[in-house]
Amino acid sequence: MNMQFRYWLRLSIFNFLLVALLGVTLRYKIVYSLPFLDQKHLLHAHSHFAFAGWISQLLMAFMVYYLSTYKPEAFKRYRAVLYANLFSAYGMLLSFPFEGYGGISITFSTFSILVSYWFAVQYWRDLNGLAQKNTTHLWFKAANLFAVISSLGAFALAWMMANKTIHQNWYLASTYFFLHFQYNGWFLFGCAGLFNWLLIKQNIHVKAARNIFWLFAVACIPAYFLSALWLPISTAVYVSVVVAACLQMIGWILFVIKIKPALKPVISRLPSISKWLIGLSAAALTIKLLLQLGSTIPFLSDLAFGFRPIVIGYLHLVLLAVISLFLIGVAIAFGQLQVNRTLASGAIIFTSGVFLNELLLMIQGTAALSYNNVPYTNELLFAIALIMFLGILLMNISQITPKLLKRSGS
């Protein structure tokens, strides 16, 4: 067990608990009165901290952990950038609820982007300096590149707000640009690199691994327009979007076919809870890719982006079911989380909450298509948010040991 990585893992999972607490507060405020908090400001804090304090913090730590297997001093070398990201995340957490997009919160969010640049450049150089090369490097490099590209959307939003020239289409296009290259670039490619590393540690080398990578990489940029089909785009751009959705689906199918012969030995070596979490994440990814493919049909795309519950359901599908379940599962697979009853109970409760959340949002979205309301939806979503919070709380409690409390990040 790598105690330096585990320190950052524990911090990240605690941050995940704070993300869940913000989610509970958001759902509570919809049902009950909480006048001293602005819902929109709280939503910004929730999303920014989820990205920076939970997913990005843990992905960075995982990547440094990978590097430390070649360079034992890696965590010492990356200590400053990891703490800088943590600082920016907490800055956004503490400023957004009170001022929304204001001077302090924008400063911290800008600093967060600069930290991602710092990490990307340093990490790219360190990967290039390794004597041994494998496909994991390609996934990690692409992940960092897409993280940098995503910032263009954030800077476009900042420019519009600073100049008070917000046009609805450009505002949404910039928002979806940032979200796409975070979700489908930085997050997804980072997780793919981790899974590739896990397979290599199990002495499993997937045939056509590079081809699979390039199918996803080439498709990632035009796939942005899957989130912008409501814009007046040309036929050529639309065709590239359809091709991108097909390429990613082909890449996923090819990966499943190539890894299938090696699944039994991999499964036999992993803890049961890890197998279930990674398996459910894979199932959620399949659903995500099918939804992407379906969204290339203009009629379905118009419906999807016209109803808020469907958009929220899709974003939560990726962030919670695909990314979060995978990160917890792979942390267990690498032996960096203590497997005990409390952890298993927490993981089961959290996963149940994720499933119920997606189910209810799907029902709400389907009902909205015919302009019907599902009774007590907000109350049920609040209860489900509490379930997910409880699951993450138990996962945090399961990792508290006297030894860990004595550790520092050095």
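The values are calculated or read from the model by the stated rules, or taken from the named source; none is laboratory data. On a predicted model such as this, the values are computed, not experimentally measured, just so you know. With ideal geometry, Cβ positions are generated from the backbone for all residues, glycine too; neighbour counts draw on all protein chains shown.
For this structure, a couple of remarks:
- Restricting Phe87, Phe119, Phe98 to those that are modelled with pLDDT under 95 and either more than 24 Å from the chain's Cα centre (by Cα) or part of a helix (DSSP H, G or I) (or both) reduces the list to Phe98.
- Here region 271-300 is the region considered, the condition is being among the small types (Gly, Ala, Ser), in a helix (DSSP H, G or I) and within 12 Å of Tyr314 (Cβ to Cβ), and the residue that is modelled with the highest pLDDT is Ala284.
- Test for Leu17: is it farther than 23 Å from Gly190 by Cα and either at pLDDT 95 or above or buried (at least 21 other Cβ atoms within 10 Å of the Cβ) (or both): no
- Conditions (1) farther than 19 Å from Asn85 by Cβ; (2) part of a helix (DSSP H, G or I); number of the one not met by Trp124: (1)
- Some residue of region 129-140 being in a helix (DSSP H, G or I), exposed (fewer than 14 other Cβ atoms within 10 Å of the Cβ) and aromatic (Phe, Trp, Tyr): no
- Of all residues in region 176-224, those that are within 17 Å of the chain's Cα centre (by Cα) and of a type in the set (S, T, N, Q) total 2.
- Given (1) surrounded by 15 or more Cβ atoms within 10 Å (Cβ to Cβ); (2) of a type in the set (S, T, N, Q); (3) out of contact with any helix residue (DSSP H, G or I) (no Cβ under 6 Å at 6 or more places or on another chain), number of the condition Thr107 does not satisfy: (1)
- Considering residues of region 202-216 that are over 22 Å from Leu290 (Cβ atoms) and free of Cβ contacts under 8 Å to residues at least 40 places away in the same chain only, the residue surrounded by the fewest Cβ atoms within 10 Å (Cβ to Cβ): Asn203
- The sole residue among Ala223, Ala192, Ala219, Ala173 that is without any contact (Cβ under 8 Å) to a residue 40 or more places away in the chain, outside the structural domain of Ser112 (by TED's automatic domain parsing) and assigned to a helix (DSSP H, G or I) is Ala219.
- Hey, Leu93 part of a helix (DSSP H, G or I), in contact (Cβ under 8 Å) with a residue 24 or more places away in the chain and touching a Gly at 6+ places or on another chain (Cβ under 7 Å) or not: yes
- So Lys264, is it of a type in the set (D, E, K, R), assigned by TED's automatic domain parsing to the domain that holds Tyr176 and surrounded by 14 or more Cβ atoms within 10 Å (Cβ to Cβ): no
- No other residue among Leu34, Leu43 is without any contact (Cβ under 8 Å) to a residue 12 or more places away in the chain and in contact with a Phe, Trp or Tyr (Cβ under 9 Å, 6 or more places away or on another chain) apart from Leu34.
- Within region 329-357, being in a helix (DSSP H, G or I) and surrounded by fewer than 20 Cβ atoms within 10 Å (Cβ to Cβ) holds for Arg341, Thr342, Ala344, Ser345, Ile348, Ile349, Ser352, Phe355, Leu356.
- Flag if Ile204 is assigned by TED's automatic domain parsing to the domain that holds Tyr176, closer than 29 Å to Arg269 by Cβ and part of a helix (DSSP H, G or I): no
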